[in-house]
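The values are calculated or read from the model by the stated rules, or taken from the named source; none is laboratory data. This is a predicted model, so every value here is computed, not measured. Note that we place each Cβ from the backbone using ideal geometry, even for glycine, and neighbour counts take in every protein chain shown. Just the protein is used for accessible areas: all its heavy atoms, side chains included, with ligands, DNA and RNA removed. Shrake-Rupley method; radii C 1.70, N 1.55, O 1.52, S 1.80 Å.
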Amino acid sequence: MSLLVVGLSHRSAPVSVLERASLAAETQAKLLQDTLAAEPAAEAAVLATCNRIELYADVDKFHAGVAELSTLLALHSGVGLDELTPYLYVHYEDRAVHHLFSVACGLDSMVVGEGQILGQIKDALALGQGLHTAGRLLNDLFQQALRVGKRAHSETGIDRAGQSLVTFGLEQLAAGADVADWARGKRALVIGAGSMSSLAAATLARTGVAEIVVANRTRARADRLVEILGQPGGTGVAAHAVEMAAVPDELTRADVVVSCTGATGLVLTAEAVAGALGLAFDPAYAAPAATVPVPPADPDRHAAGEVEKGTAGTARQAVRRATVPAQGAGPVRLALLDLAMPRDIDGATARLDGVRLVDIESLAEASADAPMAADVDQVRTIVADEVAAFGTAQRAAHITPTVVALRTMAAGVVAGEIARLDGRLPDLDDKQRAEITQTVRRVVDKLLHAPTVRVKQLASEPGGAGYADALRELFDLDPQTVAAVSRADLNDPNRGRS
């Protein structure tokens, strides 16, 4: 069995495709269950964030696995396979490990070095564990990815290379000014009360806004977020919760709006924002921005797991530039930060006078133009080292159940021979019997020691997977015994603990 990942992200697909392909929580669960039911997959996990959807699986056939996982992603995302395929990337075995470790370190994020992805990887692992779709390989992989990500943040200055999307978004809204100076005294409206919205509220509080209003579909969650903001020892910002129905009124008093909900449609339309600012609404603002068609990717490169570059990549950059509407004229009266996928705020609001809009799409473009920090190279070295170590450990782990089964069989042979000796020499006293037993065990241990140590060394090297099969064949080991050892190891409560 081998690791395979099929996915799409902000690096391979335009936002218009990503927001249509977003997966709700219940859809993710169904995708995992259907993946496990598919013939090529034995394990599955899905990593779904605002700017990526990736399906990981342990498969026994590469081409069949790619075809099945691609089809399942298209089926559950609601985007047709023909339309989705040009934007998919494929990574296999060590390249798949390298990809996830890079993602965990923030190297593949819109804002390089942001740490929120670690929580999302942890959630993906928890979902796979809860549904029992993540087995030995994916448990080990995701646990190790979390450790690698934490190591990158603790041993390097990758945090200086980028911040969370919230911080980066506020910097873009401030347009070069100091964020604290820009935010001081402003009234902020936060729409949503999930993890990203909570982070946005806390960040706004730290920057020095005068007041925060939280609106959420479930009022209890908004109240809880307000309670957290007001806890002793906090920022001391004035905060209160409102119903979603109050958003139009709150919009008339807000200076900054941050929105990140799970809504499938727009939360703020251009017409609503224009009304809040007392502007006459021009229906032409609602017209969709022109896009540049993206040529389809070479199917051979898709199958080989390469992310398309060159012409297709250039065209995707053109899509980003073409779909970001020109900012409205005049001083900024309302700053909008849209962190949702699909988007919460109509892109046409940016054409309104006095409105500045920053969304996932514009963040991606701004981040791509940002200089890379020197620490990124150090993180890449960490990732490369960890990928090599993970491969070695996995190959060694593959042989371990077979070695344990061999030693178990040998112990059974010793026990059987001692029992036969007891029948033939019943007059042996306990001391004599113990000495004979210990001698036989030492002989067996010495005979097995060198071969088992050597086979573990050989199995840990690239191409060493066949040694376990050879060992089982040479010693006629029962496959069920080997499988039982593997299951016992996987169910060890201490397994996977950092």
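When ligands, DNA and RNA are left out and all protein chains stay put, how many square angstrom of accessible area per residue does segment 94-134 have with a 1.4 Å probe? Don't jump to the answer; show the numbers that get you there.
On the way: 1370 Å² over 41 residues.
With the other protein chains kept in place, segment 94-134 gives 33 Å² per residue.
Normalised by the number of residues in segment 1-149, the average gap of Cα pairs under 8 Å and 6 or more apart makes the relative contact order 31 percent.
Dividing the Cα convex hull volume of segment 2-123 by residue count, how many Å³ per residue is that?
Output value, Cα hull per residue: 91 Å³.
Backbone amide hydrogens, once placed in the peptide plane, bring E211 within less than 5 Å of A188, excluding anything fewer than 5 places away on its chain.
A simple spin-label model places pseudo-atoms 7 Å from Cα toward Cβ; at I418 and D82 they are separated by 7.1 nm. Put a dot 7 Å past the Cα of D181, heading toward its Cβ, do the same for H132, and the two dots end up 6.1 nm apart. Measuring only protein heavy atoms, the 1.4 Å probe finds S362 accessible over about 30 Å². Straight-line reach from K122: taking Cα to Cα under 25 Å and skipping same-chain neighbours fewer than 8 places apart, the lysines in range are K30, K150. When nucleic acids and ligands are ignored and a 1.4 Å probe is applied, I436 ends up with an accessible area of around 60 Å². For segment 1-110, applying the loop criterion from DSSP together with a ceiling of 15 other beta carbons within 10 Å to the trypsin sites (Lys or Arg not before Pro) yields K61.
Net length available on complete extension from D282 to D476 is 61.9 nm, with 0.36 nm assigned per residue and the Cα-Cα distance removed.
For S16, S2, write out the residues from largest to smallest accessible area, computed with a 1.4 angstrom probe and no ligands counted. Show your work: numbers first, answer last.
Values: S16 55, S2 25 Å².
Heavy-atom accessible area, descending, gives S16, S2.
Amide H contacts for A241 (H built 1.01 Å from N in the peptide plane; partners 5 or more residues away or on another chain; cut-off under 5 Å): V214. In order along segment 8-13, phi translates into HN-Hα couplings of 9, 8, 4, 7, 10, 9 Hz, rounded to whole numbers, per the Karplus curve 6.51 cos²θ - 1.76 cosθ + 1.60 with θ = phi - 60° and x for Gly and Pro.
For segment 1-124, what % of the accessible area comes from carbon and sulfur atoms, probe 1.4 Å?
Values: 2100 of 4110 Å².
Here carbon and sulfur together make up 51 percent of the probe-accessible area.
Amide H to amide H, with H built 1.01 Å from N, L357 comes under 5 Å of L336, counting only residues 5 or more places away or on other chains.
Positive-end ranking of A174, A188, A145 along the dipole of segment 134-259, with charges on Cβ about the Cα centre, is headed by A145.
When a/c is below 1.5 the answer is rounded, else prolate if a/b is larger than b/c, else oblate, so apply that to segment 18-86 with a ≥ b ≥ c taken from the square roots of the Cα gyration tensor eigenvalues. Mind dumping the intermediate values first?
Numbers: a/c = 1.92, a/b = 1.34, b/c = 1.43.
It is oblate, given that a/c is not under 1.5 and a/b is not larger than b/c.
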